[in-house]
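The values are calculated or read from the model by the stated rules, or taken from the named source; none is laboratory data. Just so we're clear, the structure is a prediction, and the values are computed from it rather than from any experiment. With ideal geometry, Cβ positions are generated from the backbone for all residues, glycine too; neighbour counts draw on all protein chains shown. Heavy atoms of the whole protein, side chains included, go into the accessibility calculation; ligands, DNA and RNA do not. Shrake-Rupley method; radii C 1.70, N 1.55, O 1.52, S 1.80 Å.
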Amino acid sequence: MTMVRAMRTQREGSPWTGLWAVVAKEMADHLSSTRMFILEMLIALTAVGTAYNAASAIRSVAGLEPKFLFLKLFTVADEPFPSFVGFLGFLVPLIAIALAFDAVNNEFNQHTLARVLSQPIYRDALLFGKFLAGLFTQFLIYSAIWLLVFGLGVWQLGIPPTGEEVGRALWLLVATVFYGGVWMAVALLFSVRFRQPATAALASIAVWLFFSIFWPMISTSLATILAPIRIGTPEEILAQARWLLALRRLAPSQLYAEIVVALLRPEVRSLGLVLPFQLEGAILGQPLPLSQSVLLIWPHLTGLIAATILLFALAYILFQRQEVRA
Amino acid sequence: MSPTPVIETRGLTKVYNGLVAVDHLDLTIHEGEVYGLLGPNGSGKTTTILMLLGLTEPTEGEVQVVGWDPRRYPLRVKAQVGYIPDQVGFYGDLTAWENLMYTAKLNGIPRKEAYRRIEEALNRVGLQDVAHRPVRTFSRGMRQRLGVADVLIKNPRVIIMDEPTQGLDPESAREFLDLIRELKGEGRTILLASHLLHQVQAVCDRVGLFRRGKKALEGTVEELALQVLGMSHYVHVEVEKDAPRLAQVVRRVPGVTDVEIHDDCTLWVKSRKDVRPEVAKAVVQAGGRLLRLDVELPSLDDIYAHYFKSEAGETENE
Ligand SMILES: Nc1ncnc2c1ncn2[C@@H]1O[C@H](COP(=O)(O)OP(=O)(O)OP(=O)(O)O)[C@@H](O)[C@H]1O
Ligand SMILES: [Mg+2]
């Protein structure tokens, strides 16, 4: 009730007054915090280790196909360890959660909220400023990491990257930031909901574990229930596979994994069903130009952004109706 | 000079899921006034303050602060009103200076001007030597003073303080009261919620006594004393001898409500105004030899205690 009324009362003045002051302060906090330093070191070491191993692997089979070598730095794995993008799949959520899980509840716990909100700004600016600062921080971190990987590539492979490779890596950078955005929005929502930062962090991690471990299992069972295979006709198999993919794509990690595939393996022509009989058609033939790959990931990117906006809106509504008193 | 209201509420009401925290409050505070909000715990002082700042949505009623409705124009109100919350908090990892700089930026104050104001504010509250220490190393009193510095950054027309002297040592509290007087001298309007009655009495021009979300009493300390105690002055009379006989005479002085004979040389007189000249005249005319004549105002503590005691009695009778 109060919320509806608050939104109906016309407010005067831009909701973004003070936004950049908040962004600057939050970014300075992130960049100087021990927590972020540890995570930055972790991701940097991972990048160097995996890219170095990938470079060695590439050189050992040199002469085969010298195409998109720099992209392989991201994708070639030194079994049994995952490739760099494999690591990114869980390092990015970790960083994103670390950036936001105590964003709002810490203002309550430090008793700074009432004082800050008594300055001439709206709550909108505070919440959105914190979110933007997190996005910018991620952008900064990943940019540095990408440069590190490319630098290592130039040194180890002895050739410069092509424009196409740089373009694809930049798109991957953008997609990675948006993937982080989803998890940041989750953590931000919990930081509004739970007064204890530890609770918010645990809840965020629980959601992430759910989507990365349990959701694939659950979606498999759900697909067999929703589209059971009774006789075994191709139609039935196809229907089940469609369901499975649709369900799996509810997980941000699945969307991100598909984006990675489309961007880093230009020969992939479709992100649809990857059934055995389609796989050949999907992979054979000329590599796609970057613009086509981007078209391929467009729905995925929009999906990630839509999820982010939805979660942020939820956090915003919760925050608007909260009392400033702790 | 006709005083203009800086803060005005009409029928201001706040209901928290069925619990009426503030009940049809009409409050008028004039420019340059120091106004004290008093009342037991949970009587709605903090809730009122939050509504004045647009930090809590009123359920009903009208509010105007510095001429604007904080619901529609919160930014204009908050640009001119400084607020020190009851538990004032700062970012512990940032220094005092950095915390104030953040406030300056949120207020859109240009950098050069901000530097000047921060330095001035820190000097004023005596924190210039610890300006570059992280606030987490500050004592409670230091934080409280930083709270004042924080408010001064925006050069506010109105300052609202919620229990600003709690946790201060007597010396700091005294300094704090001096600072409030100084701020009043600069023409700022000050609204002060507190439980420390003698401090309120020392600095406030008017006080409002809150009870269960309503403003039960309002006025200067003298006016409150008249309403609650039926008298406003204690006059202390010392004579050479014959106090009981002189008491008869003093009792007949207009305005005197009660005379208590303390001993043969001392009378305690309660009155509705300052009756010293009349008492002196009466004593001398009756042939008494006056040695000393003092006047004392009843303390806010007495008024408060008396008011809430009699109120409690009334509710029991209901
Ligand atoms: N967020 C809230 N939800 C529900 N009730 C609340 C909330 N905040 C305050 N109240 C209630 O509103 C009433 C008034 O509280 P308020 O804090 O305004 O009192 P106060 O006069 O400031 O008291 P104190 O002297 O203890 O600071 C209390 O009964 C309190 O329980
Ligand atoms: Mg209070």
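By a straight-distance test (C-alpha under 21 Å), which lysines pair with B:LYS112 as possible cross-link partners, with residues fewer than eight away in the same chain excluded? Partners found: A:LYS25, B:LYS154. Here the accessible area is traced with a 1.4 Å probe on the protein chains. For the stretch B:104-256, carbon and sulfur cover 48 percent of it.
For A:ARG35 and A:ALA77 in one chain, what is 0.36 nm times their gap in residues minus the Cα-Cα distance, to one decimal in nm?
Numbers: separation 42, 0.36 × 42 = 15.12 nm, distance 2.78 nm.
Extra length from A:ARG35 to A:ALA77 when fully extended: 12.3 nm.
Under 17 Å of direct C-alpha separation, and excluding same-chain neighbours fewer than eight residues apart, B:LYS281 reaches these aspartates and glutamates: B:GLU238, B:GLU240, B:ASP242, B:ASP294. The slack in the chain from B:ASP205 to B:GLU222, taken as 0.36 nm per residue of separation less the alpha-carbon distance, amounts to 5.1 nm. Listed cross-link partners B:LYS14/B:LYS184; B:LYS14/B:LYS309; A:LYS130/B:LYS78; A:LYS130/B:LYS105; B:LYS214/B:LYS273 are compared with a 24 Å cut-off, the Cα-Cα value being larger for B:LYS14/B:LYS184; B:LYS14/B:LYS309; B:LYS214/B:LYS273.
Report the net charge of residues surrounding B:ARG136, where surrounding means a beta-carbon distance below 15 angstrom and charges are Lys +1, Arg +1, Asp -1, Glu -1. Combined, the nearby Lys, Arg, Asp and Glu give 0.
Please calculate how many Å² of accessible area the stretch B:5-219 carries per residue, with a 1.4 Å probe and no DNA, RNA or ligand atoms counted.
Values: 8230 Å² over 215 residues.
Value for the stretch B:5-219: 38 Å² per residue.
Taken across both chains, chains B and A shield about 3000 Å² of accessible surface from a 1.4 Å probe.
The DSSP beta bridges internal to the stretch B:140-224 are antiparallel in roughly 50% of cases. Placing unit charges on each Cβ (+1 for Lys and Arg, -1 for Asp and Glu) gives the stretch A:81-195 a dipole about its Cα centre, and among A:GLY163, A:ILE121, A:HIS111 the Cα reaching farthest toward its positive end belongs to A:HIS111.
To the nearest 0.05, what FRET efficiency results for A:ARG11 and B:LYS241 with a Förster distance of 60 Å applied to their C-beta separation?
On the way: r = 74 Å, r/R0 = 1.24.
About 0.20, to the nearest 0.05.
State the percentage of accessible surface on chain A attributable to carbon and sulfur atoms; use a 1.4 Å probe and exclude ligands, DNA and RNA. C and S atoms contribute 71 percent here.
What are the equivalent ellipsoid semi-axes of the stretch B:5-219, built from the alpha-carbon gyration tensor (square roots of five times its eigenvalues), in whole angstrom, biggest first? Walk me through the intermediate numbers first.
Numbers: eigenvalues 162, 74, 51 Å².
Ellipsoid semi-axes (Å, largest first): 28, 19, 16.
Percentage of Cα-Cα pair distances in the stretch B:233-296 greater than 15 Å, rounded to whole percent? Before the final figure, lay out each step's value.
Numbers: 712 of 2016 pairs.
Within the stretch B:233-296, distances greater than 15 Å cover 35 percent of Cα pairs.
Shape class of chain A from the alpha-carbon gyration tensor: oblate, with a/c at 1.5 or above and b/c at least as large as a/b.
Just to confirm the filter: which trypsin sites (Lys or Arg not before Pro) across the stretch B:209-255 are DSSP coil and have at most 16 other Cβ within 10 angstrom of their Cβ? Spell out each step's value before the answer.
On the way: sites: B:ARG211, B:ARG212, B:LYS214, B:LYS215, B:LYS241, B:ARG245, B:ARG251, B:ARG252; in loops: B:ARG212, B:LYS241, B:ARG252.
Those satisfying the criteria are B:ARG212, B:LYS241, B:ARG252.
Placing +1 at every Lys and Arg Cβ and -1 at every Asp and Glu Cβ, with all other atoms neutral, what dipole size does chain A have around its Cα centre, in debye to the nearest 20? Show your work: numbers first, answer last.
On the way: 22 positive and 18 negative charges, 185 e Å.
So the dipole magnitude of chain A works out to roughly 880 debye.
Here the spin labels are modelled as points 7 Å beyond Cα on the Cα-Cβ line, and at A:LEU209 and A:VAL166 they lie 4.3 nm apart. Bridgeable aspartates and glutamates around B:LYS215 (alpha carbons under 12 Å apart, same-chain partners fewer than 8 residues away excluded): B:ASP23, B:ASP26. Counting only GluC sites (Glu not before Pro) that sit in a DSSP loop (anything but H, G, I, E, B) with at most 16 other Cβ atoms within 10 Å, what is the longest stretch of chain A containing none of them? Value returned for the longest uninterrupted segment is A:13-266.
Counting each DSSP H run of 4 or more residues in the protein assembly as shown as -39500 (n - 2.57), what helix-only mean residue ellipticity at 222 nm follows after dividing by all residues, to the nearest 500 deg cm²/dmol? Could you put the intermediate results ahead of the total?
Numbers: 26 runs with 362 residues, N = 644.
Helix contribution divided over all residues of the protein assembly as shown: -18000 deg cm²/dmol.
Placing dummy labels 7 Å off each Cα toward the beta-carbon, the span from A:LEU250 to B:CYS265 is 9.4 nm.
Skip the ligands, DNA and RNA, and give the accessible area per residue of chain A with a 1.4 Å probe, whole Å². Working shown, then result.
Details: 15290 Å² over 326 residues.
So chain A comes to 47 Å² accessible per residue, rounded to a whole number.
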